[in-house]
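See below for the structure under consideration.
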């Protein structure tokens, strides 16, 4: 009987607690100083005690406003170093092409079925034989369209269809493909080893040497119908990695202040997303603090 009374009393206490609301999630945040130098920690002091706090520093990749962004107007930036020899003067039979409707099937029929834009003019190619030439960093975004789902393919085409049968060689010493976010953050999509380059022989009896630390192809004097492509894997240019925050507090932690170090000068909007989540409801709040970081 005594046990039963205790059980009933506990139930009554729990029942009374059922009427409680989730605690406030509002968080006041102040800085320990108006500005800090890059590499020097800034301390955020808190007024309030929400159960959970997620911190967004405001740096690239950690911006609260971009936490759900899946697609963006990213730039496609490409550069390479090329070289040609085995001839007395440059034979201009290297093309750079781009497609957004290639099927991804690496054969001559699918190459022919796709629409390819000649972007060779965006780059600097050798004007002298046996001389490494930097292409310059070219922005190819205007050729990629606005379809979020589109795959972008780049191709290097070695062709000799004019009946001359020139036996020249092209070498690409390097290749760098970058995606640049609207905020200016650049990330490497692929290089010469990771671009997924594959040969497609449309005609002729030579091929690109792939894969490796460089790519090269050499013609021959007996064939005058060489048309050989090295095509990259598809690039999802418009895909965007959502920004992320860092959990700095949960229910089991007391946190009167938090320190963070910015490595680069700038003005950052630091956001603290606070919440209190209970079985009978939840409350949320956002607090933004502008941080000035000097050199």
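The values are calculated or read from the model by the stated rules, or taken from the named source; none is laboratory data. These numbers come from a predicted model, not from an experiment. Positions of Cβ are generated from backbone atoms using ideal geometry, with glycine treated the same way; all protein chains shown enter the neighbour counts.
Selection over the range 193-218 of residues that are within 20 Å of residue 118 (Cβ to Cβ), part of a loop (DSSP other than H, G, I, E, B) and modelled with pLDDT under 95 gives a count of 1.
Scanning the range 116-133 for residues that are under 24 Å from the mean Cα position of the chain (by Cα) and either at pLDDT below 95 or not in a loop (DSSP other than H, G, I, E, B) (or both), which turns out farthest from residue 206 (Cα to Cα)? Taking the candidates together, the pick is 122. Residues considered: 226, 249, 283. Of these, the only one that is crowded, with 16+ Cβ neighbours inside 10 Å, touching a strand residue (DSSP E or B) at 6+ places or on another chain (Cβ under 8 Å) and assigned by TED's automatic domain parsing to the domain that holds residue 150 is 226.
Return yes or no: is residue 141 in contact with a helix residue (DSSP H, G or I) (Cβ under 9 Å, 6 or more places away or on another chain), at pLDDT 95 or above and surrounded by 13 or more Cβ atoms within 10 Å (Cβ to Cβ)? Criteria not met by residue 141. Flag set for residue 81, criterion: more than 30 Å from residue 277 (Cβ to Cβ) and either part of a strand (DSSP E or B) or assigned by TED's automatic domain parsing to the domain that holds residue 253 (or both).
Going through the range 164-192 one residue at a time, which ones are exposed (fewer than 14 other Cβ atoms within 10 Å of the Cβ) and either touching a helix residue (DSSP H, G or I) at 6+ places or on another chain (Cβ under 9 Å) or part of a loop (DSSP other than H, G, I, E, B) (or both)? If the condition is that a residue be exposed (fewer than 14 other Cβ atoms within 10 Å of the Cβ) and either touching a helix residue (DSSP H, G or I) at 6+ places or on another chain (Cβ under 9 Å) or part of a loop (DSSP other than H, G, I, E, B) (or both), then 164, 182, 183, 184, 185 are the ones that fit.
Considering the range 252-263, the residues that are touching a strand residue (DSSP E or B) at 6+ places or on another chain (Cβ under 7 Å) and within 26 Å of residue 295 (Cβ to Cβ) include one that is surrounded by the most Cβ atoms within 10 Å (Cβ to Cβ), namely 262. Residue 272 satisfies every condition listed in (1) in a strand (DSSP E or B); (2) more than 30 Å from residue 50 (Cα to Cα); (3) not assigned by TED's automatic domain parsing to the domain that holds residue 155 except (2).
The residue that is farthest from residue 275 (Cα to Cα), among those in the range 229-239 that are under 21 Å from the mean Cα position of the chain (by Cα) and surrounded by 18 or more Cβ atoms within 10 Å (Cβ to Cβ), is 231.
Whenever a residue of the range 103-120 is assigned by TED's automatic domain parsing to the domain that holds residue 200, its partners that are in a loop (DSSP other than H, G, I, E, B), lying with C-beta atoms within less than 6 angstrom and at least six residues away or across chains, give the pairs 104/234; 110/103; 114/101; 114/102; 115/101; 119/140.
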